[in-house]
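Notes follow the structure.
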Amino acid sequence: MFKLSEIKELIKLLDQTSVQELEIENEGTRLFIRKPGKTEVVNVHAAPLQPTYQPQAVPAPNVVPAAAQVSTEAVPAQQEINNNLHKIVSPMVGTFYRSSNPDANPFVSTGDKVKEKTVVCIIEAMKLMNELEAEVKGEIVEILVENGQLVEFGQPLFLVKAE
């Protein structure tokens, strides 16, 4: 069974992303959230899974062509990336943190040397803190997101000049 606080957190996270719908199953309960636009959730329901369960009819979301979703600001940055720069990307949707707590120093800063197992940040997803490692040896060239920013799956977080 889902707790109300968990559902609220999922709605909040979904509201801040371009993801249009989310379906999660936990302990025999299915949670389905769908939104037609960027800020409004139209249908949230949780029901026990049973062979006779029939989902409610929900209008299809407004679909924006993928070409319309491309940020014009991201294009010049992508053109500047050369072959020896490695992108460290987010493995999940969550909140990006540069340090283990607000009073601690950041894991890494621009100009820092990293190895494959160096922790570069934490991604918080559903109150779980997930450490992200560099996976490459090199130097942090650029940090692409702000501390506390919501990040999406596959979103570039760091640029590393690989050695």
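Bear in mind these aren't lab numbers, they're just calculated from the coordinates by the rules spelled out. Please read all numbers here as calculations on a predicted model, not as lab measurements. Cβ placement follows ideal geometry from the backbone for every residue including glycine, while neighbour counts extend to all protein chains displayed.
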Exercise for the section: Would you be so kind as to identify which of Leu132, Asn84, Gly148 lies farthest towards the positive end of the dipole of the range 83-162, taking Lys and Arg as +1 and Asp and Glu as -1 on Cβ and the Cα centre as origin? Expected result: Asn84
Handout entry: Rounded to the nearest 20 debye, dipole of the range 88-163 from Cβ charges on Lys, Arg, Asp, Glu
Key = 100
Problem - Cross-link partners of Lys12 among aspartates and glutamates (Cα-Cα below 13 Å; sequence separation of 8 or more within a chain) - result: Glu21, Glu40
Practice task
Multiply the residue separation of Ala125 and Glu163 by 0.36 nm, subtract the distance between their alpha-carbon atoms, and state the gained length in nm to one decimal.
Solution key: 10.6 nm
Fill in the blank from the handout: Any aspartates and glutamates whose Cα falls less than 13 Å from that of Lys115, other than same-chain ones fewer than 8 residues away, would be Glu133, Glu135, Glu139, Glu163
